[in-house]
Every structure is written in C-alpha cells, then in structure tokens.
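Scroll down for the structure; my scribbles are underneath it.
The values are calculated or read from the model by the stated rules, or taken from the named source; none is laboratory data. The structure presented is a predicted model; accordingly, all values stated were derived computationally and were not measured. With ideal geometry, Cβ positions are generated from the backbone for all residues, glycine too; neighbour counts draw on all protein chains shown. To get the accessible areas, we keep the full protein, side chains included, count just its heavy atoms, and leave off ligands, DNA and RNA. Shrake-Rupley method; radii C 1.70, N 1.55, O 1.52, S 1.80 Å.
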Amino acid sequence: MRTRPTPRPLPAVLALLLCAGCTGGAGAKDAAEDVPGARPGTAGVGDPLFPKLGNGGYDVSRYRLTLDYAPDSHRLKGTAELTARTTRALTSFHLDLAGLRVREATVDGRPAKTARSGTELTLTPAAALPKGRTFKTTVVYDGKPKTITDPDGSEEGWIKSADGAVAVGEPTGSMAWFPGNHHPSDKAAYDITITVPQGYTAVSNGELTQRSEHGDHTTFRWHTGEPMASYLATVAIDDFDIHTTTTDGTLPQYVAVEPELADRTADVPDQVTDVIDWETRTFGPYPFSSTGAIVADLPDLGYALETQTKPLYPSPPSEPLIVHELAHQWFGNSVTPRTWKDMWLNEGFATYAEWLWEEGHDGAGRTAQEIFDDFYDGTDDESEGIWDFPPAAPPSAGRVSDPPVYGRGAMVLHKVREAVGDKTFFAILRAWTRDHRHGNVDTAQFIALCEKKSGKDLKDLFDVWLYADAKPKRP
C-alpha cells in the first residue's frame, strides 16, 4: 500500500464522470442467446469497504494491454484483451473503467453491446456464457486518462510528470487507464506493450521482453508471469536512466531513474540488492522473477507505492522506504488480502520490516522493542493517531491507510514475536509467505497459523492488540 511515512486515506471513487458517447459493439444482438441459469454479472464483489469495486461472475487469468501514449497531447490509445473464466452463467458482465471512450468491444471475437454508468462498463455478448467457460474479451478505447483526486487531496490514476506520465492504482486508480476487474481478489498475469515517441522509455512490471524502434516511435513489451492485483500494475514514461544488474547473480534487477535525480540516487541499485538479499533470508524466497525500482520526479505526489517488482518512488528514496516497499513484494503483492479491510497484513508487516532492518543494520539504531515502546508512548514521529481504531477494523474506506494500519499493525506483530519467541516467529513469517504464495488471505488465516506454529492460544493477544478499540494497558 502507499507507504509510511505519509499514509493517506484511500479514495471512495463515488462520482467519476460518465463517459459521453461510449456505446459500442455495433451489430451485437440485443439479447444474449439463452443459457440455462444465465443472469447478469454483478457490479462489485461485495468488499466490506469498497462494495462496488471489482465485478462478480468471472475470474481474469491474463491481461494483454497494448498502449500508445503521446505525452505532448496527453492522449492514450489502448486495446485491452482479457482472458477470463466464468464462475456462473452470464448474460452480461461488468468491467471497471473511469473515463476514456470505448470504441469497440468483442467477446470471443464477436461484437458485444456496451453500456456505461459511472465507472461501470457493462458488456453484453452475442451469446450468453455458460458457467466454467473460458472466454476472451477485447476492448478498444482512447482519450485523455484521468487523474483521480482523493478526498485528502492526494492523487492516483494516470499522473502527468514534467516530461511524461506515471500510472499508480491503489486502490482504484488502475481503472483510469485500462478496463478490468479491479479488486485485489482477482489477480492475473499481465503483458503490457507501450509505444511512445523516440527518446522516451516506457517501464512497467515484470521483465522487458522486447524493445523495437519504428519510425519516430519506440515500443516496449513487458511480461509479468506471476499473478498481480490490478492496483499494483504500473506504467512509467520518461527519459529514464536505466541501470540493469542481478541481485544474486540470477535475479534480474531493473532500476529506472529520472535523469535529474541521478546524483541523488546513485546508491539505489546497490540498496535494492542489499535489501532483497536480507529480506530473502528473513521472509523466504523472493516471490517474483525480477526486481528493481522506478524513481520519478513527482515530489508533490506525496507517497511511494509497492508496484509489483518495481516499487515507484516519487523522489529519491531513503533506505527504510526501500525496505518497506520491497517487503511488500512478499506481504501484499505475493500474499494479498482478500478484502481491503485486512490491509494491516500489508502495511503492518512492511512497517515491521523497517523495525527489523533498524534493529539489525543500524549500529546506532533502536531495537524493535525500543521502537515498540516509542510508538506506545507516542514519542516516535510516526506514532500519532495509531490508537484511533483497531488495525484489523478500519471504520471506512477513507481510513484504510490511516496510522493504526501501519504502526499499530506492526505492534501486533511485535507482540506475537514476544509471545512465541524469535525462532517460532520467523518460522511463522516464512510459512505465511510460502503457504500463500501468489494467493489471497485474511486475518483469520494468519491468526490460525500463529497458533498452529506456536501451539499457543493467542486469542487474548489478538483481541487486545488487533481488535480492541481502546489503547491497551502498558505491557
């Protein structure tokens, strides 16, 4: 998630503009052919905090996005091909898309009828889709992609930089640049192809498989084979300086830096290598096939984001921030909460990784216990507001990134470590990342694992530190 030290409320995307003239699918039948039990898919998956986010009735396995972006005019042309499987028979289904103009849509190569309402794009295929059917949907679209402004003034979506653009998507901003099932419970593989004017580099998740020049444009093809939640997808376009190496002789590392920041980011490639090596020893095998970083010149953005394989930093990052964002590759990116209310499983874990790093790497630094005490006493700079609500029970969508999810979430983990001992605690972390690699999880599963590995009843600990409203008595 958007990282400490500048946590911010997540948007409740309630009033995005209705795209004008977005009908499409000329020639599609007015009604889908009859399939027993077929009915429309749902808008939203019923997330406790974002009930309208995502869509019901199908699971996406792969996105193929073909994009062409003109920085001067800020115009994006896109074709999104989704491979998905129905979880029930469907007469129609929804995709999330904010703004942009839909030019054409097909399902399995046949024209599909489209309708728009807010951020919902409804597709009605020429024939209903039976349950268990694997199908392909293609949407052709274009326009000026939106920057979504959150209630606190922070921004996500497609963000223009001085010379290019960056796409950031937590929790809903990815719908500003491609249609999809934008909920973390539906992860998929991605192939992202971006064409830009010569002189620009287009960076995305995963590995660069091809770079080709044609006329006065360059095309970059990126491949992400491991499952990825849509909010972790990114595209960054600029005249980046590129640094490629391997972290351990085998893991590819790709670091893109805005040229004007080169003098202030010279250590970033080595820091990424050092942190990946340490976190691999601490949390278990690195879960993806490459790593890296994107350092943009967006100082007003106000937050970093753990975009998969290449965290995005809006300015030269500190070492603790690199630790935090790369810890998310295990906690959040590979092991992903099933719903947004369990985001402490991302942010509490990544924050505690910072505590562990300070404990083990800074000779003048604090121990994790000392950091815990400073948070409890309110003397740590990041401790303000941590008692506002329990970390596993954010009261609203707008508060899912508030301090309790970060700081008090980390405190929960320290209390578990204290209760079960270091050997068992680190065994729990490695089992968590191994057993749920590339999957979705909830808090109940983590509690069950802690009790199984330790052989202890930890109900009182979690009731007090994870779920209680009041500040616990001094330990």
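The table below gives the values:
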item: So ALA32, is it under 24 Å from the mean Cα position of the chain (by Cα), modelled with pLDDT under 95 and either farther than 25 Å from TRP340 by Cβ or surrounded by fewer than 21 Cβ atoms within 10 Å (Cβ to Cβ) (or both); result: no
item: Filter pass, ALA427 being out of contact with any strand residue (DSSP E or B) (no Cβ under 7 Å at 6 or more places or on another chain), more than 15 Å from TRP355 (Cα to Cα), assigned to a helix (DSSP H, G or I) and open to solvent by 10 Å² or more (accessible area, probe 1.4 Å); result: yes
item: Residue count for region 357-385, restricted to those that are free of Cβ contacts under 8 Å to residues at least 40 places away in the same chain, open to solvent by less than 50 Å² (accessible area, probe 1.4 Å) and either more than 22 Å from LYS473 (Cβ to Cβ) or touching a Ser or Thr at 6+ places or on another chain (Cβ under 9 Å) (or both); result: 4
item: Any hit, region 80-96, residues being without any contact (Cβ under 8 Å) to a residue 40 or more places away in the chain, at negative phi and either outside any loop (DSSP other than H, G, I, E, B) or open to solvent by 10 Å² or more (accessible area, probe 1.4 Å) (or both); result: no
item: Per-region count, region 130-152, residues modelled with pLDDT under 95, touching a helix residue (DSSP H, G or I) at 6+ places or on another chain (Cβ under 8 Å) and open to solvent by less than 20 Å² (accessible area, probe 1.4 Å); result: 1
item: Close pairs from region 309-324: first in contact (Cβ under 8 Å) with a residue 60 or more places away in the chain and farther than 18 Å from SER289 by Cα, partner assigned to a loop (DSSP other than H, G, I, E, B) and of a type in the set (Lys, Arg), Cβ under 9 Å, at least 6 apart; result: LEU321/ARG4; HIS324/ARG4
item: Answer residue from region 451-469, given it is touching a residue at least 12 places away in the same chain (Cβ under 8 Å) and either more than 18 Å from ARG408 (Cα to Cα) or not in a helix (DSSP H, G or I) (or both) and is least open to solvent (accessible area, probe 1.4 Å) among those; result: LEU458
item: Residue within region 62-74 that is assigned to a loop (DSSP other than H, G, I, E, B), closer than 19 Å to GLY169 by Cα and modelled with pLDDT of 95 or more present; result: yes
item: Complete set of residues in region 349-395 that are charged (D, E, K, R) and closer than 22 Å to ASP463 by Cβ; result: ASP373, ASP388
item: Evaluation of LEU345 against (1) open to solvent by 20 Å² or more (accessible area, probe 1.4 Å); (2) aliphatic (A, V, I, L, M); (3) within 26 Å of ALA188 (Cβ to Cβ) (one fails), failing number; result: (1)
item: Long-range neighbours under 8 Å by Cβ, at least six apart or interchain, first residue on the phi > 0 side of the Ramachandran plot within region 260-285, second surrounded by 13 or more Cβ atoms within 10 Å (Cβ to Cβ); result: GLY284/TRP330; GLY284/LEU429; GLY284/ARG430; GLY284/THR433; GLY284/ARG434
item: Members of region 209-253 that are assigned to a strand (DSSP E or B) and more than 19 Å from VAL196 (Cα to Cα); result: THR224, GLY225, GLU226, PRO227, MET228, HIS243, THR244, THR245, THR246, PRO252, GLN253
item: Selection within region 311-328 - hydroxyl-bearing (Ser, Thr, Tyr) and surrounded by fewer than 24 Cβ atoms within 10 Å (Cβ to Cβ); result: SER315, SER318
item: Residue satisfying all of: in region 182-208; charged (D, E, K, R) and assigned to a strand (DSSP E or B); most open to solvent (accessible area, probe 1.4 Å) among these; result: GLU207
item: Filter result for ASP342 (touching a residue at least 40 places away in the same chain (Cβ under 8 Å), farther than 28 Å from TYR254 by Cα and out of contact with any helix residue (DSSP H, G or I) (no Cβ under 6 Å at 6 or more places or on another chain)); result: no
item: Some residue of region 353-361 being under 23 Å from ASP277 (Cβ atoms) and within 20 Å of the chain's Cα centre (by Cα); result: yes
item: Candidate set from region 36-45 (those that are in contact with a Ser or Thr (Cβ under 7 Å, 6 or more places away or on another chain) and part of a strand (DSSP E or B)); member that is surrounded by the most Cβ atoms within 10 Å (Cβ to Cβ); result: PRO40
item: Pick from region 430-450, criterion small (Gly, Ala, Ser) and open to solvent by less than 40 Å² (accessible area, probe 1.4 Å), ranking: farthest from ALA353 (Cα to Cα); result: GLY439
item: Test: residue in region 293-310 that is under 21 Å from ASP402 (Cα atoms) and hydroxyl-bearing (Ser, Thr, Tyr); result: yes
item: Pairs with Cβ under 9 Å, 6+ apart, first in region 102-129 and closer than 17 Å to ARG39 by Cβ and open to solvent by 10 Å² or more (accessible area, probe 1.4 Å), second polar (S, T, N, Q) and modelled with pLDDT under 95; result: LYS113/THR23; ALA115/THR23
item: Residues (farther than 18 Å from PRO403 by Cβ, in contact with a Pro (Cβ under 8 Å, 6 or more places away or on another chain) and assigned to a loop (DSSP other than H, G, I, E, B)) located in region 318-350; result: GLN329, TRP330, ASN333, SER334, ARG338, THR339
item: Filtered residue count, region 46-67, keeping only those that are open to solvent by less than 60 Å² (accessible area, probe 1.4 Å) and touching a residue at least 12 places away in the same chain (Cβ under 8 Å); result: 13
